[in-house]
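Have a look at the structure below, then the notes.
The values are calculated or read from the model by the stated rules, or taken from the named source; none is laboratory data. Since the model is a prediction, treat every value here as computed from it, not as a measurement. All Cβ positions, glycine included, derive from the backbone under ideal geometry; neighbour counts span all protein chains shown.
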Amino acid sequence: MGRIVALDYGKVRTGIAVTDELQIIASGLTTVDTKDLLNFLRNYVKEEKVERFVVGEPKQMNNLPSESEELIKPFLRTLEGVFPKIPVERQDERFTSKMAFQTMIDSGLKKQQRKNKALVDEISATIILQAYLNRKQ
């Protein structure tokens, strides 16, 4: 089995989370500048066996795509072109930022640490990945 890589894609930054090789545990990996994302993924795929990508799917409360989905569509086409043998799936990402922020509070991070948007993105990617794993069980 290979790892599953989840992406909380954003215009400026993208949070990244991965599973262990048995696809049991979702863990935050890092946050990268979105402009550097494909290079980061190329290097990661060279080092680790990746079975699939899971990309957050932003939706509105009425279940329609949010405006940021228009930013993600071109990236998805590029991702599938660069890694044609690695399937891409989507996972609803509603409330992940709020859940990530609450996780930071619950874990005792100080207010200054909670302002770290890169950490919020990484935790959001982890929440997206865990939701995907829960859905697939």
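Points to keep in mind about this one:
- Of all residues in the stretch 71-82 being modelled with pLDDT of 95 or more and closer than 13 Å to VAL54 by Cα, the one that is surrounded by the fewest Cβ atoms within 10 Å (Cβ to Cβ): GLU80
- Annotation note: of LYS59, LYS49, the sole residue that is surrounded by fewer than 18 Cβ atoms within 10 Å (Cβ to Cβ), touching a residue at least 40 places away in the same chain (Cβ under 8 Å) and touching a strand residue (DSSP E or B) at 6+ places or on another chain (Cβ under 8 Å) is LYS49.
- Listed by position, the strands (runs of 3 or more DSSP E) enclosed by the stretch 1-50 include none that has at least 3 residues that are among the basic types (Lys, Arg).
Yes/no per residue for (1) more than 11 Å from the chain's Cα centre (by Cα); (2) not polar (S, T, N, Q):
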{"position": "MET1", "(1), (2)": "yes, yes"}
{"position": "VAL5", "(1), (2)": "no, yes"}
{"position": "GLY10", "(1), (2)": "no, yes"}
{"position": "THR14", "(1), (2)": "no, no"}
{"position": "VAL18", "(1), (2)": "no, yes"}
{"position": "SER27", "(1), (2)": "no, no"}
{"position": "ASP36", "(1), (2)": "yes, yes"}
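- GLU21 being at pLDDT 95 or above and either exposed (fewer than 15 other Cβ atoms within 10 Å of the Cβ) or of a type in the set (A, V, I, L, M, F, W, C) (or both): no
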